[in-house]
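**Student:** Encoded as structure tokens, here's the structure I'll be asking about.
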Amino acid sequence: MVQPHQAKQPVSAALAGPYGHPFHPILVTVPIGAWAGSLVFDIASHLAGDPDFLSRGAMWLIALGVIGALGAAMVGFLDLFAIPTGTRAFRVGLVHMTLNLVVTCAYLGNFLWRHAGAGPSGTVAAGPLALNAAAFAILGVSGWLGGKLSYRYGVRVADEATQAEGFTPVHPSSHERTG
């Protein structure tokens, strides 16, 4: 049987984050937040009286998300290397990575589509809006798989003995002092 402890240790603490504190989970907040904002801006462009700033803002949020995804992917790839091959966790990690690559390519294509010609103006067209929504839905599936890696399989999560430190009382309770 493969020991899961290997997947808890970083391949490179300097690049992927130290034991018990990986960089990947914090870095994914950039593309997720930027792409969520872009979808909100896309929808809001259909409700606003002057949608130009929302259309442009959505395009640049998509670009920010793509850049952030590249940083998250680099450290996520290092975390994948920590997982023993031939395991369920490794297979889930490969699907997670593949979906994220598909999503990032979809958003890169969406940015280029919007940036073509004179750039965005007016309400966001149906095509780029649909691509944004579809890519965001796939991102949700990939995020669920990332959660499975962390919370079910414990990839890059400190072991239970280390976690128990957080539940040690800081101050002894009154009955411990008198007894």
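**Student:** Could you work out how far apart the two model spin labels at Ala133 and Thr29 are, taking each label as a point 7 Å from the Cα in the direction of the beta carbon, and quote it in nm?
**Tutor:** 2.9 nm
**Student:** Further question: If each residue of separation counts as 0.36 nm, what is the full-extension length gain between Val95 and His171 once their alpha-carbon separation is subtracted?
**Tutor:** Details: separation 76, 0.36 × 76 = 27.36 nm, distance 4.51 nm.
Taking Val95 through His171 to full extension adds about 22.8 nm, to one decimal.
**Student:** For every other residue with a beta carbon closer than 13 angstrom to the beta carbon of Pro128, add +1 if it is Lys or Arg and -1 if Asp or Glu, then tell me the sum.
**Tutor:** +1
**Student:** Quick one: pull the percent of accessible area on segment 48-128 belonging to carbon and sulfur, 1.4 Å probe, ligands and nucleic acids left out. Write out the running numbers ahead of the final one.
**Tutor:** Details: 3000 of 4110 Å².
C and S atoms contribute 73 percent here.
The values are calculated or read from the model by the stated rules, or taken from the named source; none is laboratory data. From a predicted model like this one, the values you see are computed outputs, not experimental measurements. Backbone-built Cβ (ideal geometry, glycine too); neighbour counts: all protein chains shown. Just the protein is used for accessible areas: all its heavy atoms, side chains included, with ligands, DNA and RNA removed. Shrake-Rupley method; radii C 1.70, N 1.55, O 1.52, S 1.80 Å.
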